[in-house]
Structure formats: C-alpha cells, structure tokens
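See below for the structure under consideration.
The values are calculated or read from the model by the stated rules, or taken from the named source; none is laboratory data. Predicted, not measured: the structure shown is a model, and the values here were computed from it. Using ideal geometry, Cβ is built from the backbone for each residue, glycine included, and neighbour counts are taken over all protein chains shown. We work out accessible area using only protein heavy atoms, side chains counted, and drop any ligands, DNA or RNA first. Shrake-Rupley method; radii C 1.70, N 1.55, O 1.52, S 1.80 Å.
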Amino acid sequence: MAALCLALISAAAFLSPAVAEVLDTSALPRVAGAKALYASPLSTIYAAPAPVAQAAAAVGKALAGDGWRQYAAANADEAKTDDVQVMNFKKGPLALSVLVTKSDPATTANVNYTAKPLANDLPFPPDATDIAFDPHEPVLTCASSQPIPATLAFFNGELARMGWAPAPAGRNPNTDKGAHVYFVRPDHAPLLLVVQRGDDGATKIELKGVAAEDLAADLAPAKPAAAASAAAAPAPTPTPDEVSAAVAKQAQQAIADIAKSAMADATAPKAAAPLAPSGPVETLAAMEGNNATIPVPATAEAVKFDGAEGKLAFETESSIESVVAFYRAAMKPLGWQAESSGIDKPNMVVLDFSKDGKDIELTLMHPIDKTEVDASGEGLVNEAEKEAAAPAPTAEDLAVEETGGFPVPSNHTLAEAEGTPLRHALTVETPLDLKSVLGFYRQELGKRGWKEEATGATVADDRATLAFTSPDGPAVLKLERKDDATTVSLVVSNQAKAAQSGLLAKPGKVKAMFGNLLSAPVTFTINKQTVKVAPGVGANGPGGPTLELPPGKYKVSMKAGPLEVSDDVEVGAGEIWGFMAGPGGLMPMQIH
C-alpha cells in the first residue's frame, strides 16, 4: 500500500491544474460490490470482487456507461496479463488511466483510477472502433462506418470548436474512396486528416501532426516541365542548411497566412450558401405500419430497419429541411431531448437525440436528387429483436457453478456473495439474456426447495422481480437487462434470527449501527445527524451507537483526522445497516 500511495503522489505531480479542477476520480463509476481503499480527486483506489480480467471488463463497461471512450496507446504497449491490466479512457477534454492489479485472494483485484494530463485533444467519431490515441502527441487512428463526406463534416465541426481551420485544398483532389485535409491553428504544427473508404464499408481514419514543410509542399503548385528546363544561367548552389531554413520560413509564413485567412473567413459575415436542389419545407406525416422504434416520414422509400443492431436507413424526395422539421416535431412528444451536433449544412445535417441514457444520431444528406437518412444508436435497439437474433445459450453457458452457496450460470463476468448471520446476498453479471437467466434460477432454486410466491411477481423484457420462500426465510430475486448484460440480485433474509437479535427497528423504520476499527475517534454524519464513535467501539459486534431512520436515500460521511470520505446508500423499511470505519475508509454493509 505504501508503494501504491507513492505512485499516486508521483502521478499527481504531473497533472495540470485544469485536470485537477475538472476531473474528480472519486466521483467516477465503480463496479458492483466495490470497497473503497482511497479516494481523492486526482486518484481513487478500490477493491473489486473479481479477478483481474473480469474486474477490468466490468470497469470498462461501467465507464462506457458514463460516456468514457476507451482507446489503445498509439505509441506504447499496454500491460495485459492475468495479474495486471492497464486501460486508457477519454471523455471530451479529460483523460483517465485505469490500473487493475491482482489482489489477495486472487479472486479479487484492486482498481486504481488516475487522472491523466491531456496535452493533446483530438475528437473521437461517435461510432469509432479500434481507437488508438496519444494524449501527448497529435496522433489518432480509428475506424468508422460513416461515409467520407460525413466523416469530413464531423472533423471539420469538432476541430473548428477547438480552434482549428481547414487549409485550402492541395493538388490531390478528394474522392468517394479517399480524402485528405490539412488543418491549421496559430502557434501549432499542422494536422493532416487522411480518410480511406474500403470495399467492406469501413472508413479508416488517421489524424496526426505533420511538419510545416509537408503542408507547404502540398499547397505549392506543380512546376511546369518547360519552365524547369528553361532555366537561365545557373544560380549559386545553396547549402543544405540554407535550403532547410528557407523552406521552414516559407512553410511557417504559409501556415500563418492560411490560419489568418481561415479565421477571418470563419468570423466574417457570409452570403447564403447555395442550397441543394430541395423543395420547400413541407409538413410531413408519419408513416403508418412503421416497425422502427422511432417515427419515419410517410414519404420515406426503401426503408431498412434493424432492431437488433439499432440501425435505420431510408431515402425520400422530401427536402432535408422538411425531414429535419419532421423529426424535431415528432421526437419531442416521445420524450427525446434534442442536442446540438454542430453539423448543420445545406447538404448535410446531423441530429442528436437522447432519452433515459440512450441516444440516437440521424445523419441527413442530399447528394443529388434525394435526401438520404442514416440513423443509429442505442435508442433504436429493439430488445426483443436483439434477443431473437442472439444465439441461444448453450448447455455449457447454463452449467451450474456455486458462489457462496448460491447457483450461478457458468457464463458470467461477475459473481459475488456476501452475508451476515441475518442476511445472505448474491450479485451476478452475465451476458446471457434475461429470459434464459430467469429460467435458470427458477429451475435451480426449485431444486433446492425454494418455493416461488404466486403474488407480487413482475416480469418484463428488461427486468423481473420474483419472491421466494427459502428454507432460511423470505427471498427476493431481481433481474435487470441493460447494456448487453443481465444483472442478478438474490437476497435471503432470516427473519427469525433478526427478531431474536433485538436489532430490528420500529415498524417502518431502518436501524443504522456504527462501529470503529481505527485507533482514533471517528465522526459519522447521516440525515443531518452526527454520530461520534470512540476507537474500537462496535468493532467486535453490536455495542456501538445506533440510529433509527426513515427509508430513503442518504449520503453517509465519515471523518477520522484529515481523512474524510462519503458514500451514497439507499435503505428500506425493516432493514438493518452497519457503517464501519476501517483502514480502507467507510464500509457500509446491509446486515438484514
């Protein structure tokens, strides 16, 4: 732990003040069952109840759900073994390094979040895959499904927001199979964007910093052969240093002129751009019998919807303006919130919508005589179609394993059991579909003498709740399907022992118990109430201070000397919770 803390201090020393002010690693998502070991804005460490590989996968999923994009180091190798994994993430102008290391026992791992200085920021396309990026040097490579015009429009818009402007076109024209564009910015080396469209429909993207001479050479007109041969008397041959200095000076002056012109052009009033051959704005009706998860205009043709992949495509003779107006009017009543994409041109518009953590992006283009629409995003996914398209679980996927005395399907990414004399619980994450997991637990729990209650059961496509009577007492099974994973929560309460313990709160209340494993006094704060606990009090069982609270969500904070940490908990009526101060910080635990 001392070595780890030293590493944290060393890493923090390299962080810029801006990173320290903006990125708070202690507020980042953590995996299920995480136990805090150290938390600060610059670096956070917690214990994960899974081996390194499974913990790393769970961390990646949790951060992705919060909008973080994982990337591979462009100019370095990343550690990835059974004992250690290093991952890198970026979210807007923020960067994060994640170190997952083997702990003791080997079925657990320590996860370390560290804020990274981002000297170089380049935009990632929304659908980018195979991302390689360098936060210190301008290097980005990735792949996208978007065509070249859409890709160029994305980088034009995003780089413009960062202060970059496209340089004039060089001698090599862009095509539908390949394009390259230089971008310039005062006091920066130029950027070169190269995009290539393959026959497989994938667009390869490379964005990197280049020498000023490369831009100058690309912009310089080719010398006519006749002019080259009609040279007059030979001039004195310059030295290599003189040539290099002259070229560098010309290149820097060219970049300065280009940047000045581009910035002036960007801020100058512009005449209206010639519109694509589109008709007037018309009020479009929604198509009847549409099987997509969002409305489609009645004028749409060649409609293709893939609910399993979350993709929609069609074309229409209606103008871009009419289709844009249709979606802005149709999506709002359905609860979709419009967000600015920054791309709004006569021949191309990108619309972004979000709802309940899901997103949809529509790209509208008018290349010739029709408006073409391509849409994608989690908001277009039809869970029933997605599950129908997924391969059925195999017998090996559903083979029974044991964790803490509970059955677990062998195909899982996380399995954690915890318990007290009054309560036993299981948490599982698995890629298997909800229906298969529900069938698994109904069958396996039935084999163990559990009886499902006839009342109170709820089963939907993305969630299910069942009540059981187990040999040890009442139990509740909850399943939730989200982000291509099914989460299982199974809790068994021993009501008889709880009643005998004398620890239950009054009906409708929650009992909170406090303890201190440290050698210094500790102060807890919850529901605007302060509880002071002397060293060692409540460390070996009930005997520490207690409170009775109404059910609800609370922020619990603990202060011991200079250390102050907090956690959020949600407690229910009839429950017993313990809050312990220990070397790892604040440890909340549901006892019953």
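When residues of the range 493-536 are filtered for being part of a loop (DSSP other than H, G, I, E, B) and either under 39 Å from the mean Cα position of the chain (by Cα) or closer than 29 Å to L426 by Cα (or both), how many remain?
The qualifying residues number 13.
E378 - would you say it is at pLDDT below 90, charged (D, E, K, R), farther than 14 Å from L312 by Cβ and open to solvent by 40 Å² or more (accessible area, probe 1.4 Å)?
no
May I ask you to list the residues in the range 546-573 that are within 22 Å of R423 (Cα to Cα) and open to solvent by less than 40 Å² (accessible area, probe 1.4 Å)?
Step one: of the range 546-573, the residues within 22 Å of R423 (Cα to Cα) are 546-554, 556, 567-573.
Scanning the range 546-573 gives L547, L549, G552, Y554, V556, V569, V571, G572.
Among the residues of the range 400-440, count how many are within 24 Å of A56 (Cα to Cα), in a loop (DSSP other than H, G, I, E, B) and either open to solvent by less than 30 Å² (accessible area, probe 1.4 Å) or not charged (D, E, K, R) (or both).
Matching residues across the range 400-440 total 7.
Can you name every residue in the range 181-208 that is touching a His at 6+ places or on another chain (Cβ under 8 Å) and surrounded by 17 or more Cβ atoms within 10 Å (Cβ to Cβ)?
L192, L193, V195
Any chance you could count how many residues in the range 390-399 are out of contact with any strand residue (DSSP E or B) (no Cβ under 9 Å at 6 or more places or on another chain) and either of a type in the set (A, V, I, L, M, F, W, C) or open to solvent by less than 20 Å² (accessible area, probe 1.4 Å) (or both)? Working first, answer last.
Taking the range 390-399 as the starting set, the residues that turn out to be out of contact with any strand residue (DSSP E or B) (no Cβ under 9 Å at 6 or more places or on another chain) are 390-392, 394-396.
After this cut, where a residue has to be either of a type in the set (A, V, I, L, M, F, W, C) or open to solvent by less than 20 Å² (accessible area, probe 1.4 Å) (or both) as well, the list is 390, 392, 395.
Residues meeting the conditions: 3.
Got a sec? Which of V194, V210 is at pLDDT 80 or above, hydrophobic (A, V, I, L, M, F, W, C), under 28 Å from T129 (Cβ atoms) and over 27 Å from the mean Cα position of the chain (by Cα)?
V210
When you scan the range 463-470, do you find a residue that is touching a Pro at 6+ places or on another chain (Cβ under 8 Å), open to solvent by less than 40 Å² (accessible area, probe 1.4 Å) and of a type outside the set (A, V, I, L, M, F, W, C), even just one?
no
Is there any pair linking a residue in the range 405-426 that is within 17 Å of A498 (Cα to Cα) to one that is among the basic types (K, R), with Cβ under 9 Å and at least six apart or on different chains, and which?
These pairs meet every condition: P421/K497; L422/K497.
Taking the range 531-579 only, how many residues are acidic (D, E) and farther than 17 Å from A505 by Cα?
First, pick out the residues of the range 531-579 that are acidic (D, E): 548, 564, 567-568, 570, 575.
With the extra rule that they be farther than 17 Å from A505 by Cα, the set shrinks to 564, 567-568.
The qualifying residues number 3.
Inspect the range 505-523 for any residue being free of Cβ contacts under 8 Å to residues at least 12 places away in the same chain and open to solvent by 50 Å² or more (accessible area, probe 1.4 Å) and give the result as yes or no.
No: the range 505-523 contains no residue that is free of Cβ contacts under 8 Å to residues at least 12 places away in the same chain and open to solvent by 50 Å² or more (accessible area, probe 1.4 Å).
Give me the pairs: first residue in the range 328-349 and part of a strand (DSSP E or B), second residue at pLDDT 90 or above and loosely packed, with under 12 Cβ neighbours inside 10 Å, beta-carbon distance under 8 Å, and six or more apart or on different chains, which are they?
Close Cβ pairs (under 8 Å, with a partner that is at pLDDT 90 or above and loosely packed, with under 12 Cβ neighbours inside 10 Å) do not exist here.
Being open to solvent by less than 60 Å² (accessible area, probe 1.4 Å) and in contact with a helix residue (DSSP H, G or I) (Cβ under 7 Å, 6 or more places away or on another chain) is the filter here; which residues of the range 311-337 pass it?
Passing the criteria: L312, T316.
Out of the strands (runs of 3 or more DSSP E) lying entirely within the range 19-120, which hold 3 or more residues that are β-branched (V, I, T), closer than 25 Å to T487 by Cα and open to solvent by 40 Å² or more (accessible area, probe 1.4 Å)?
In the range 19-120, no matching strands (runs of 3 or more DSSP E) lie anywhere.
Give the range 124-160 a look and list any residue that's in a helix (DSSP H, G or I), within 21 Å of the chain's Cα centre (by Cα) and farther than 11 Å from T203 by Cβ, or say none.
Of everything in the range 124-160, those that are in a helix (DSSP H, G or I), within 21 Å of the chain's Cα centre (by Cα) and farther than 11 Å from T203 by Cβ turn out to be F155, E158.
In the range 353-392, what residues are in a loop (DSSP other than H, G, I, E, B) and within 18 Å of S340 (Cβ to Cβ)? Walk me through how you get there before you give the answer.
Taking the range 353-392 and keeping what is in a loop (DSSP other than H, G, I, E, B), we get 356-357, 366-370, 377, 381-382, 390-392.
Correct list: G377 only.
Keeping to the range 251-310, report how many residues are surrounded by 13 or more Cβ atoms within 10 Å (Cβ to Cβ), assigned to a loop (DSSP other than H, G, I, E, B) and at pLDDT 50 or above.
Looking only at that region, the number is 16.
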